[in-house]
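One structure is given below, encoded as structure tokens.
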Number of protein chains: 2
Amino acid sequence: MSQKVMSIGTVRDLTGLTERQIRYYEDRELVFPERSPGGARKFSFEDVERLKEIHMKMKDGFHTFELRKSIAGHQSRT
Amino acid sequence: MSQKVMSIGTVRDLTGLTERQIRYYEDRELVFPERSPGGARKFSFEDVERLKEIHMKMKDGFHTFELRKSIAGHQSRT
DNA sequence: CGTGTAAGGAATTCTGACACG
DNA sequence: CGTGTAAGGAATTCTGACACG
């Protein structure tokens, strides 16, 4: 489940988020997809769950910098 | 694990097969990937395992039409 | 039969920017 | 701050065909 295998379009379909939101959450260091040789983002099922969780918190009024702490602990940025 | 989420390039990397082989095995009805709106194949982790199994059998001298029976039973073509 | 390859096209994804608030 | 969008380019995938054996 932690294997990075899906492209952003698949993640969009699975989470219901827009590509823009997914890229932004990555920019805010809330998720850490890998990259294909060509530069395309690759996400895992865990990332999908994490993104769903992030979005719910956002709807509850949290900001990205706050979530970076509360949801932290999954993976660092090795 | 049965969710169709990876594109053929990812499957290529995970199985070590060539895209040509993967497409051929689909043509021979040994795996049944879904399609994205644009026509791109989408595979599941189960498909990846299945493809590895297929390739091992092939190396043992089996032909695709023989494998369609022996490995059958996973999924039909609904 | 199973697989390689060149060919041309179409869909996918990427980044940086401007916008609004 | 979080997200939408138009812009241009690059990487990915698709199909049908010719090839060899």
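The values are calculated or read from the model by the stated rules, or taken from the named source; none is laboratory data. Just so it is clear, the model here is predicted, and its values are computed rather than measured. Methodologically, a virtual Cβ is constructed for each residue, glycine included, from the backbone with ideal geometry; neighbour enumeration extends over all protein chains shown. Surface accessibility is based on the protein's heavy atoms, side chains included, excluding ligands, DNA and RNA. Shrake-Rupley method; radii C 1.70, N 1.55, O 1.52, S 1.80 Å.
Just name the residue that is nearest to A:Gly39 (Cα to Cα) out of those in the stretch B:4-39 that are within 8 Å of DNA strand C (Cβ to nearest atom) and within 11 Å of chain A (Cβ to nearest Cβ). Working first, answer last.
First, the residues of the stretch B:4-39 that are within 8 Å of DNA strand C (Cβ to nearest atom): B:7, B:17-21, B:24-25, B:27-28, B:36-39.
With the extra rule that they be within 11 Å of chain A (Cβ to nearest Cβ), the set shrinks to B:7, B:36-38.
Working: B:Ser7: 15, B:Ser36: 20, B:Pro37: 22, B:Gly38: 20 Å.
Per the stated criteria, the residue is B:Ser7.
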Checklist line | Matching residues, the stretch B:1-48, being open to solvent by 60 Å² or more (accessible area, probe 1.4 Å) and either in contact with a Pro (Cβ under 8 Å, 6 or more places away or on another chain) or more than 22 Å from B:Leu67 (Cβ to Cβ) (or both) | finding: B:Gln3, B:Asp13, B:Arg35, B:Pro37, B:Gly38
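Hey, among the residues in the stretch B:1-53 that are acidic (Asp, Glu) and touching a helix residue (DSSP H, G or I) at 6+ places or on another chain (Cβ under 8 Å), which one's farthest from DNA strand D (Cβ to nearest atom)? Before the answer, list the steps.
Of all residues in the stretch B:1-53, those acidic (Asp, Glu) come to B:13, B:19, B:26-27, B:29, B:34, B:46-47, B:49, B:53.
Going one step further and asking which of them are touching a helix residue (DSSP H, G or I) at 6+ places or on another chain (Cβ under 8 Å), we end up with B:19, B:29, B:47.
Numbers: B:Glu19: 6, B:Glu29: 14, B:Asp47: 12 Å.
Going through the qualifying residues, I end up with B:Glu29.
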Next item on the list: Can you run down the residue pairs with Cβ atoms below 8 Å, 6 or more apart or on separate chains, where the first is in the stretch A:50-70 and over 20 Å from A:Ser2 (Cβ atoms) and the partner is at pLDDT below 95 and part of a loop (DSSP other than H, G, I, E, B)?
Entry: A:Lys57/A:Ile71
Next item on the list: Name every residue in the stretch A:1-29 that is out of contact with any Asp or Glu (no Cβ under 6 Å at 6 or more places or on another chain) and part of a loop (DSSP other than H, G, I, E, B), in order of residue number.
Entry: A:Gln3, A:Val5, A:Ser7, A:Gly16, A:Leu17, A:Thr18, A:Arg28, A:Glu29
